[in-house]
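This is the structure, below, for whatever I ask next.
Read-outs: derived from the displayed coordinates by stated rules, not from any lab. Everything numeric in this text was worked out from a predicted model, so none of it was measured. So basically every Cβ, Gly included, is an ideal-geometry build from the backbone, and we count neighbours across all protein chains shown.
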Amino acid sequence: MKKILLISLLALAGCTSIPIVEKFPSVPKELLVTCPDLTKVDPNTNKLSDVLEDVVGNYNEYYECKIKVSAWIEWYNSQQKIFNSIK
């Protein structure tokens, strides 16, 4: 009788499910870095080459930031699709 009770308890314990809470994945650290501020042209500059240097540097900063933001959007959308498909 004790064996039957033990077996039935084990069988019932196997039938219960442990609730699993899905957790949205954490963001890669590379995508959490904010974009740097753009440089301002010195109003006292008389040389066009100095102005051009700041403008070119700002363009580079902008395009690097654009790539990071695009990577963030792509990562987020793909992770959200995976997360929603699990449910």
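State whether one or more residues within the stretch 34-46 are assigned to a helix (DSSP H, G or I) and exposed (fewer than 12 other Cβ atoms within 10 Å of the Cβ).
There is no residue in the stretch 34-46 that is assigned to a helix (DSSP H, G or I) and exposed (fewer than 12 other Cβ atoms within 10 Å of the Cβ).
Okay, moving on. Looking only at the stretch 47-86, filter to residues that are more than 27 Å from Pro25 (Cα to Cα) and small (Gly, Ala, Ser); which one of those is surrounded by the most Cβ atoms within 10 Å (Cβ to Cβ)?
Going through the qualifying residues, I end up with Gly57.
Looking only at the stretch 48-68, count every residue that is without any contact (Cβ under 8 Å) to a residue 12 or more places away in the chain and touching a helix residue (DSSP H, G or I) at 6+ places or on another chain (Cβ under 9 Å) and tell me the total.
0
Applying the selection to the stretch 18-32, what residues are farther than 16 Å from Gln80 by Cα and either surrounded by fewer than 10 Cβ atoms within 10 Å (Cβ to Cβ) or touching an Asp or Glu at 6+ places or on another chain (Cβ under 9 Å) (or both)?
Ile18, Pro19, Ile20, Lys29
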